[in-house]
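Here is the structure we will look at.
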Amino acid sequence: MMNRSTSLKSRPAEWSRGFTIVELLVTIGIIVALLGLLLVGLNAASAFAKRAKTSTLMHTIAQGLAQFKEDVGYYPPVLGVRGASTVASVPGEIGYARDLLMPPAIANPTVPTAAEMASVRNWWSITSLPDYLVGYDDRTRDGYGFVSASPLANSPGQMEMPINGIRHCGRDGVWGAALNPNPLAANAIGCYKQRNPGGGATGNPNSWTGLGVSGRQLGPYFELKDADFIGGIAGVDGQGEPIVLRAEETQDFDLLPKCFIDPWGRPIRYFRRGYNALDPASLNMNFNLGDVIALRPKTIPPGTEADGYADANNDTSTTRGLVSAEFALLSSGPDRLWDATTRVDATGWNADNVVETGP
């Protein structure tokens, strides 16, 4: 009988040789290709999950807006940065990015000027949503709660207790800042510092009225379960885009105006249908959300087409849904970029925008 050692010695030599260099390279190449496919799949799954998370967030915001209108009678006005002539033009000043932005004025909607079209597409807010759906001010700004006797820990000063909620914001939608401005600063109609929920001015242009606050308690309309969805606006960059910081990124977070942010860290933009100046419950038929170019989809399904203002490529294509919508929410998507001037842009910035309209 042949023993084990004899059997092994009698096998062909090629049975015992190792991999050749070519075989190793092929094997490594296959492994690298498989890893690449795995990473692509993981990235695609992550992007899909973030888009789904964004859609869920925006749908929840839309539900809050609908409830706000049911209670108040109109959708929140558009708040934003005012010009350098006001007190709210730089970060850190009271009211920065939270003054009333008057609706665009369109003299002839059939033939709008370039400046009028630009005013329509740039009429949006990132501070309206947290201001009206959550409420971050004390009672001297939004009429809700009371001011604590002593500063809270890690706060810039006396803060509201309880923290979130508002009182009815009145006919003008900005707590009297438009219809009942402080008499010593009446030229600053709509400014954040003109909010006067008490209904009577103090005569001091640098203070608010916190006495005699009345009106129904409202909200909050949005339950912020994830702190990653709230950001502070610290200014604008060279392209005019908001600089957004999270709470852990600055010690002055409480001082900054707030915005809701998507999973990519960019603010959710709020657009609403036009209304007549100082009356957010009215309807201005001279323009609609179908005229806002960045909201238009890249592909418009047959049977849903409508016409709006021409974009930079002279494209008037929009949708009936946008024309009839009362508000819209926009996330700039994974690339964090958007183009306000063209529906289908060469860079593809608008291709991944996430849009929610209502109702």
Among the residues in the stretch 282-292, are any closer than 21 Å to D131 by Cβ, touching a residue at least 40 places away in the same chain (Cβ under 8 Å) and of a type outside the set (V, I, T)?
yes
Restricting attention to the stretch 337-355, does a residue exist that is without any contact (Cβ under 8 Å) to a residue 40 or more places away in the chain, over 23 Å from I243 (Cβ atoms), out of contact with any Lys or Arg (no Cβ under 6 Å at 6 or more places or on another chain) and among the hydrophobic types (A, V, I, L, M, F, W, C)?
yes
Would a scan of the stretch 309-326 turn up a residue that is assigned to a loop (DSSP other than H, G, I, E, B), under 24 Å from K50 (Cα atoms), touching a strand residue (DSSP E or B) at 6+ places or on another chain (Cβ under 7 Å) and touching a residue at least 24 places away in the same chain (Cβ under 8 Å)?
no
So for the stretch 236-256 (the condition being of a type in the set (F, W, Y) and closer than 30 Å to R171 by Cβ), does at least one residue qualify?
no
State whether the residues of the stretch 255-271 include one that is over 26 Å from S55 (Cβ atoms), free of Cβ contacts under 8 Å to residues at least 40 places away in the same chain and either touching a Lys or Arg at 6+ places or on another chain (Cβ under 9 Å) or not in a strand (DSSP E or B) (or both).
no
Condition first: within 24 Å of A52 (Cα to Cα), modelled with pLDDT of 95 or more and either surrounded by fewer than 23 Cβ atoms within 10 Å (Cβ to Cβ) or of a type outside the set (D, E) (or both). Can you find one or more residues in the stretch 332-352 that meet it?
no
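If you check D137 against the conditions, is it of a type in the set (D, E), at pLDDT 80 or above and within 22 Å of the chain's Cα centre (by Cα)?
Working: of a type in the set (D, E): yes; at pLDDT 80 or above: no; within 22 Å of the chain's Cα centre (by Cα): yes.
Judged against the criteria, D137 is not a match.
Taking the criterion of being among the basic types (K, R), surrounded by 14 or more Cβ atoms within 10 Å (Cβ to Cβ) and not in a loop (DSSP other than H, G, I, E, B), would at least one residue in the stretch 242-250 satisfy it? Give the derivation first.
Going through the stretch 242-250, the residues among the basic types (K, R) turn out to be 246.
From the residues that got through so far, the ones that are surrounded by 14 or more Cβ atoms within 10 Å (Cβ to Cβ) too are 246.
With the extra rule that they be not in a loop (DSSP other than H, G, I, E, B), the set shrinks to none.
Checked the stretch 242-250: no residue is among the basic types (K, R), surrounded by 14 or more Cβ atoms within 10 Å (Cβ to Cβ) and not in a loop (DSSP other than H, G, I, E, B).
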For S214, state whether it is assigned to a loop (DSSP other than H, G, I, E, B), surrounded by fewer than 20 Cβ atoms within 10 Å (Cβ to Cβ), hydroxyl-bearing (S, T, Y) and modelled with pLDDT of 65 or more.
yes
Where the second residue is small (G, A, S) and part of a loop (DSSP other than H, G, I, E, B) and the first is under 13 Å from P242 (Cβ atoms) and touching a residue at least 40 places away in the same chain (Cβ under 8 Å) and lies in the stretch 119-131, which pairs have Cβ atoms under 8 Å and are six or more apart or on separate chains?
I126/A97; T127/A97
Please go through the stretch 262-280 and pick out each residue that is modelled with pLDDT of 95 or more and among the aliphatic types (A, V, I, L, M).
I268
Positions within the stretch 141-150 being at pLDDT below 80 and closer than 17 Å to D172 by Cα, in sequence order
R141
The number of residues in the stretch 278-308 that are of a type in the set (G, A, S) and assigned to a loop (DSSP other than H, G, I, E, B) is 4
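The values are calculated or read from the model by the stated rules, or taken from the named source; none is laboratory data. Everything numeric in this text was worked out from a predicted model, so none of it was measured. Positions of Cβ are generated from backbone atoms using ideal geometry, with glycine treated the same way; all protein chains shown enter the neighbour counts.
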